[in-house]
1. From the set of residues in the range 70-82 that are of a type in the set (S, T, N, Q) and open to solvent by 30 Å² or more (accessible area, probe 1.4 Å), which is nearest to Ala249 (Cα to Cα)?
2. Restricting to the range 417-446, name every residue that is exposed (fewer than 15 other Cβ atoms within 10 Å of the Cβ) and of a type in the set (Gly, Ala, Ser).
3. Looking at (1) open to solvent by 30 Å² or more (accessible area, probe 1.4 Å); (2) modelled with pLDDT of 95 or more; (3) out of contact with any Leu (no Cβ under 9 Å at 6 or more places or on another chain); (4) polar (S, T, N, Q), can you tell me which one Ser343 breaks?
4. Tell me which of these Glu85 doesn't satisfy, since it passes every other one: (1) open to solvent by 60 Å² or more (accessible area, probe 1.4 Å); (2) more than 21 Å from Asp219 (Cβ to Cβ); (3) part of a helix (DSSP H, G or I).
5. crowded, with 17+ Cβ neighbours inside 10 Å, in contact with a strand residue (DSSP E or B) (Cβ under 9 Å, 6 or more places away or on another chain) and in contact (Cβ under 8 Å) with a residue 40 or more places away in the chain: does that describe Cys167?
6. Search the range 153-210 for residues being aromatic (Phe, Trp, Tyr) and modelled with pLDDT of 95 or more, and hand back the single one that is nearest to Ala227 (Cα to Cα).
7. Do you know which residues across the range 299-315 are open to solvent by 10 Å² or more (accessible area, probe 1.4 Å), part of a helix (DSSP H, G or I) and within 12 Å of Tyr341 (Cβ to Cβ)?
8. From the set of residues in the range 449-501 that are among the acidic types (Asp, Glu) and more than 20 Å from Gly428 (Cβ to Cβ), which is least open to solvent (accessible area, probe 1.4 Å)?
Amino acid sequence: MKRALIHFLSAVLFLFIGITGPELYALPQQQDFPSIEPLFIPQELFIPTGMPTVFSADEVVQFSLLYSELTPDSAAYNKTIKKFEALREKITDPEIMSLAEEDRGRAILKLLYREVLKKYVSGQTRFDVAFETGNYNCVSSALVYMAAAKVAGLDVRGQKTPSHAFCSVYISGKKIDVETTNPYGFNPGNKEAIEKENEIKGYYVVPKNYYSNRREESDALFTGLIAGNLCSEYVEKDDYKKAVPLGAARFMAIMNEKSKSANDVRKEFDILAANFVNIIPDSASDFYEKLGWYFSFIDRWDMTVFLQNNADNAINNLLVLSYEENNYELANKGWQKYKSYVSVRRIADMEEMLVDILVKASTKGLAPDQQLAFIKNELDEKEGLAKRDLSSEAARKRLLLHYENSWLIILNGLMNEHKFLEGYKRTGQALSELPNSNKIKSMQKSFYNNCIADIHNNFASKANARKFEEARQILQEGLEIFPSDRTLNNDWSRLKKIAGE
């Protein structure tokens, strides 16, 4: 009856739930858990107008810095703002603004590579670091370009694939892609890109398959890619104190969007909570406390199918750990506290586990007959399970299996000791309590056959030695117990013949 611990460690993806507002939820105090509140509340930045569909250049910068984990009062935040203002002056220079929109979009990308972007670094997703060091990746460079293009009055939108991020500008109904990881990335495949092929190779070149399955994203979702990348980094380091609040802010910004990408953000958010709660604990009691955090997360951000499945597995894991530690008290405490979060389809399974833990913890070190007595008491309709809030049919059936197993332990012991007659009698007692047990019926048949074989062999031994009185006594005693047995009755007839009766 050993249970397997379910490890529900998920890949680093992202997904989130609907939010009702910045209400605070109580957390367990015994351990130092991540905050379930967002790093910042995006909606508060747009009071009273509400979250816009399209960001201004300043809003792209602001969100990119907040998702880079900077606060408006920090030196790095304000330093980046000043650098962007200096860039704004160059963008709004009449020499650039007088260009046709397509030429303007191309000129801005070249300008960024003169003034800001210097070196491709795959893991450098922070907006401020791109301005400070010139290091960039697809996300940080795309957001720098988005902000700059908006300053220039262009209709620029973020594009995302499973492996890449870039921009597109819309000019007179024409959609032009902008690969921001390369200064020659405006409208890839155009004449300039072909002519400058050798120079392009000096920069990062995105594999073609990275452009598959592209989606055009809202500005709120696109700026949140910074948070998504940082959360992935924090998960690799098991740093959920940083990951969860940042993931919460990311979700809040797009919680009212109806799109597959918004659903993905919700899922990635949920996975943060699931991964944290399923880090292998030191003990069942530690895991019990962590479950309190997990269900506070659910109370705060609502239940999803993913969180529900993980909740079921997490409570299962608590019961498994309690089983391994023989800790019924903790298992029952956790069950009473968290069972309202268990899906209906899993309740019966978990009640069976509680019975397993109860029996294992309560009968440890007891002799088989003492184990039997304990379980029999638990089966009492007014005592036992009824007082433990485990009166379901599933729990009772599970306990009956333990009762049967205890009987089988006793009976197997008698069989191994060749106490066949005692075993036969005790199977009768067992079947009076468990009349439908095929295993005990099979044991009874084995005891019966062994009893008859013993009596027959003892009889034959005496009869062959012509000790007829002793042979007769053996048969008489056997027939008193098994009067209808064909073998013994045949032996009785043979005895009369060979004894000359």
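1. Start the filter on the range 70-82 by keeping residues that are of a type in the set (S, T, N, Q), which leaves 71, 74, 78, 80.
Within this subset, residues satisfying the condition of being open to solvent by 30 Å² or more (accessible area, probe 1.4 Å) are 71, 78.
On the way: Thr71: 13, Asn78: 21 Å.
So the residue we want is Thr71.
2. Those that are exposed (fewer than 15 other Cβ atoms within 10 Å of the Cβ) and of a type in the set (Gly, Ala, Ser): Gly428, Ser432, Ser442.
3. Checking Ser343 against (1) open to solvent by 30 Å² or more (accessible area, probe 1.4 Å); (2) modelled with pLDDT of 95 or more; (3) out of contact with any Leu (no Cβ under 9 Å at 6 or more places or on another chain); (4) polar (S, T, N, Q), the one that fails is (1).
4. (2)
5. Taking the combined requirement at face value, the residue does not satisfy it.
6. If we filter the range 153-210 for residues that are aromatic (Phe, Trp, Tyr), which is where we start, we get 166, 170, 184, 186, 203-204, 210.
Now restrict to residues that are modelled with pLDDT of 95 or more: 166, 170.
Values: Phe166: 16, Tyr170: 26 Å.
Ranking the candidates gives Phe166 first.
7. First pass over the range 299-315, keeping only residues open to solvent by 10 Å² or more (accessible area, probe 1.4 Å): 299, 302-306, 308-309, 313.
With the extra rule that they be part of a helix (DSSP H, G or I), the set shrinks to 299, 305-306, 308-309, 313.
Result: Asp299, Gln308, Asn309, Asn313.
8. Quick first cut of the range 449-501, residues among the acidic types (Asp, Glu) only: 454, 469-470, 477, 480, 485, 491, 501.
When the remaining residues are screened for being more than 20 Å from Gly428 (Cβ to Cβ), the result is 469-470, 491, 501.
Details: Glu469: 128, Glu470: 82, Asp491: 4, Glu501: 130 Å².
Taking the candidates together, the pick is Asp491.
The values are calculated or read from the model by the stated rules, or taken from the named source; none is laboratory data. Note that the structure is a prediction, hence the values are computed from the model and not measured. So basically every Cβ, Gly included, is an ideal-geometry build from the backbone, and we count neighbours across all protein chains shown. Surface areas here come from the heavy atoms of the whole protein model, side chains and all, with no ligands, DNA or RNA. Shrake-Rupley method; radii C 1.70, N 1.55, O 1.52, S 1.80 Å.
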